[in-house]
1. If each of residue 93 and residue 159 carries a label point 7 Å out from its Cα toward its Cβ, how far apart are those two points in nm?
2. Taking the simple approach of a point 7 Å from Cα along Cα-to-Cβ for both residue 82 and residue 144, what is their distance in nm?
3. Can you order the peptides 154-165, 45-56, 136-147 by their average number of other Cβ atoms within 10 Å per residue, highest first?
4. With a ≥ b ≥ c the root eigenvalues of the C-alpha gyration tensor of the stretch 51-171, is it rounded (a/c under 1.5), prolate (a/b larger than b/c) or oblate?
5. Pull up the cross-link candidates among the aspartates and glutamates for residue 163, meaning alpha carbon to alpha carbon under 15 Å and not fewer than 8 places away within one chain.
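Each reported figure results from applying straightforward, stated rules to the coordinates on display, with no laboratory input. A quick note: this is a predicted structure, and the numbers were derived from the prediction, not measured. Using ideal geometry, Cβ is built from the backbone for each residue, glycine included, and neighbour counts are taken over all protein chains shown.
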Amino acid sequence: MLATLRTRLPRRRTVLKAMHWSMVPLLVWFVLVTPDDVLWTNGDVVFEEAIARKMVEMDGSAVAVVRKLCGEEEVKYTVTPKGRIGEISKAVENPEGEAIGVNRISGADFDAFLALLRKCSDDDYFEKAIEEGIRGGMGFSPVDVTDHKCIEVDFEDDLREVKSLGKLWHI
């Protein structure tokens, strides 16, 4: 997979990293990396390689999503008539599905996104920076990965499901 990423982004320093869910580690990491295209995942998400490939092949900033009914704990999203993410948070009403925790920030948006991360409080989820970016005019494309395997491992049953599926890919 890394060869695919290097081929797709030959002149760029592509940074891949699994991150904890809160905003603080992501902020620290963004401060330390070269401003460029960044793909990051929540550390508890296991997924097929095809999802990462779809995200890397995107132009611009993006959020991987699945169309499904959501509960209270999922990070939910809506899409605008122009095909961009309209809202993203746990509190979205009438969501179209779940943001799965695989995200891309384009090099063009890197500095603005870093500034938004810096404005978040220490206990915010990183989606707060995405929310603020959307309010400020930053565009995030939804990348529909509903047809691909992706599991958030929160419980022992989740881990058993991952093991039963065979080989998945995780950054």
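1. 3.9 nm
2. 2.0 nm
3. 45-56, 136-147, 154-165
4. prolate
5. Here the aspartates and glutamates satisfying the reach criterion relative to residue 163 are 44, 48, 152, 154.
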